[in-house]
Amino acid sequence: MSIAENIAAIRERIDAAARETGRTGADITLVGASKMNDAAACREAIAAGIDVLGENRVQEMTAKLADNAYEGRPLHFIGHLQRNKVRQVVGKVDLIESVGSEALLREIEKEAAKQGLVQDILLEVNIGGEEAKSGFAPEQMYEAAALAKTLEHVRVRGLMTIPPVEKSAGENMVYFRKVHALYVDINEKIYDNKMEYVSMGMSGDFEDAIRAGSNMVRVGTAIFGQRYYAN
Ligand SMILES: *Cc1c(COP(=O)(O)O)cnc(C)c1O
């Protein structure tokens, strides 16, 4: 299967899941998680109509940016972002999806102010409470959202989550529902319903995420094929 065929098949599945909730595929943003795939693969995905490309490693993204890998589509940063790499990401991407600590939030504000721009971000919630994962604890989300609102050079566009790895299909539905509920409540109470995105769902579970209200899915393997990590 080619990248274009994979994207077409995923679009159909996205559309079917969206229709179960009274929406269509047009309401869902498909982010191609292109880590470990080269600029040619990114261009192929763009030619096949991917909405957005998402990267999670700063060094790889910087190299692919220099190679014009993302031309014609928005770029999101979706990975764990270290504070000392913020300078290489702010102003380079349309959306930083993975802002999961107050320290990172303040660092992005500082860098965006320095560059004289407003950086769009999502707040990442660690919904499974996993120690190894970044993200705000669910109970910290209101405070984080309220803080972010006071910062002049960041604009919160929504929430993002990476739930625990599923042991069986459907297991993450409970987490997706919790994040969607948080999104709706924070949007209403803190953001005058101006947030737009709830980013959740990956290759193995994007249909469930959509059923729970996701409108942004980040799909890697199902588009680009298996990634091979050197060990
Ligand atoms: C790699 C990655 C994805 C996509 O994962 P797949 O299981 O390959 O679809 C989604 N979100 C983030 C943050 C990622 O790093």
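Looking at the range 214-231, can you tell me whether even one residue there is more than 22 Å from SER34 (Cα to Cα) and either without any contact (Cβ under 8 Å) to a residue 12 or more places away in the chain or surrounded by fewer than 19 Cβ atoms within 10 Å (Cβ to Cβ) (or both)? Taking every residue of the range 214-231 in turn, none turns out to be more than 22 Å from SER34 (Cα to Cα) and either without any contact (Cβ under 8 Å) to a residue 12 or more places away in the chain or surrounded by fewer than 19 Cβ atoms within 10 Å (Cβ to Cβ) (or both).
Going through the range 114-134 one residue at a time, which ones are over 19 Å from the mean Cα position of the chain (by Cα) and closer than 22 Å to THR62 by Cβ? First the steps, then the outcome.
Taking the range 114-134 as the starting set, the residues that turn out to be over 19 Å from the mean Cα position of the chain (by Cα) are 114-117, 131.
Selection gives LYS114, GLN115, GLY116, LEU117.
Tallying residues that are within 15 Å of the ligand (Cβ to nearest atom) and more than 13 Å from ARG155 (Cβ to Cβ) within the range 84-96 yields 2. Quick one: SER203 ticks every box in (1) of a type in the set (S, T, N, Q); (2) within 15 Å of the ligand (Cβ to nearest atom); (3) in a helix (DSSP H, G or I) bar one, so which box is it? For SER203, the exception is condition (3).
Within the range 210-226, the set of residues being touching a helix residue (DSSP H, G or I) at 6+ places or on another chain (Cβ under 7 Å) and more than 22 Å from ALA145 (Cα to Cα) comprises ILE210, ARG211, VAL219, ALA222, ILE223, PHE224. When LEU81, LEU123, LEU104 are checked against the criterion of being part of a helix (DSSP H, G or I) and within 16 Å of the ligand (Cβ to nearest atom), a single residue qualifies: LEU104. Scanning the range 181-195 for residues that are part of a loop (DSSP other than H, G, I, E, B) and surrounded by 16 or more Cβ atoms within 10 Å (Cβ to Cβ) yields ILE190, TYR191, MET195.
Summed over the range 189-231, the residues that are at positive phi and either among the hydroxyl-bearing types (Ser, Thr, Tyr) or modelled with pLDDT under 95 (or both) give a count of 1. Residues in the range 29-59 that are more than 30 Å from ARG83 (Cα to Cα) and part of a loop (DSSP other than H, G, I, E, B): ALA48, GLY49.
Residues are listed down the side, and each one gets a yes or a no for (1) crowded, with 16+ Cβ neighbours inside 10 Å; (2) more than 19 Å from HIS80 (Cβ to Cβ):
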site	(1), (2)
GLU131	no, no
GLY135	yes, no
ALA146	no, yes
MET160	yes, no
VAL179	yes, no
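Does ALA16 qualify as being away from the ligand (no atom under 16 Å from the Cβ), among the small types (Gly, Ala, Ser) and modelled with pLDDT of 95 or more?
On the way: away from the ligand (no atom under 16 Å from the Cβ): yes; among the small types (Gly, Ala, Ser): yes; modelled with pLDDT of 95 or more: yes.
Judged against the criteria, ALA16 is a match.
Could you tell me whether ARG218 is assigned to a loop (DSSP other than H, G, I, E, B) and within 13 Å of the ligand (Cβ to nearest atom)?
Details: assigned to a loop (DSSP other than H, G, I, E, B): no; within 13 Å of the ligand (Cβ to nearest atom): yes.
The answer is no for ARG218.
Does VAL99 qualify as being among the hydrophobic types (A, V, I, L, M, F, W, C) and either crowded, with 24+ Cβ neighbours inside 10 Å or free of Cβ contacts under 8 Å to residues at least 12 places away in the same chain (or both)? Even if it seems obvious, please write down each step before you answer.
On the way: among the hydrophobic types (A, V, I, L, M, F, W, C): yes; either crowded, with 24+ Cβ neighbours inside 10 Å or free of Cβ contacts under 8 Å to residues at least 12 places away in the same chain (or both): yes.
For VAL99, the condition - among the hydrophobic types (A, V, I, L, M, F, W, C) and either crowded, with 24+ Cβ neighbours inside 10 Å or free of Cβ contacts under 8 Å to residues at least 12 places away in the same chain (or both) - is met.
Quick check: is even one residue across the range 201-212 among the polar types (S, T, N, Q) and crowded, with 23+ Cβ neighbours inside 10 Å? Scanning the range 201-212, I find no residue that is among the polar types (S, T, N, Q) and crowded, with 23+ Cβ neighbours inside 10 Å, so the answer is no.
The values are calculated or read from the model by the stated rules, or taken from the named source; none is laboratory data. The shown structure was predicted, so the numbers you read here are calculated from the model rather than taken from an experiment. FYI the Cβ positions are ideal-geometry reconstructions off the backbone, even for glycines, and counts take in every protein chain you see.
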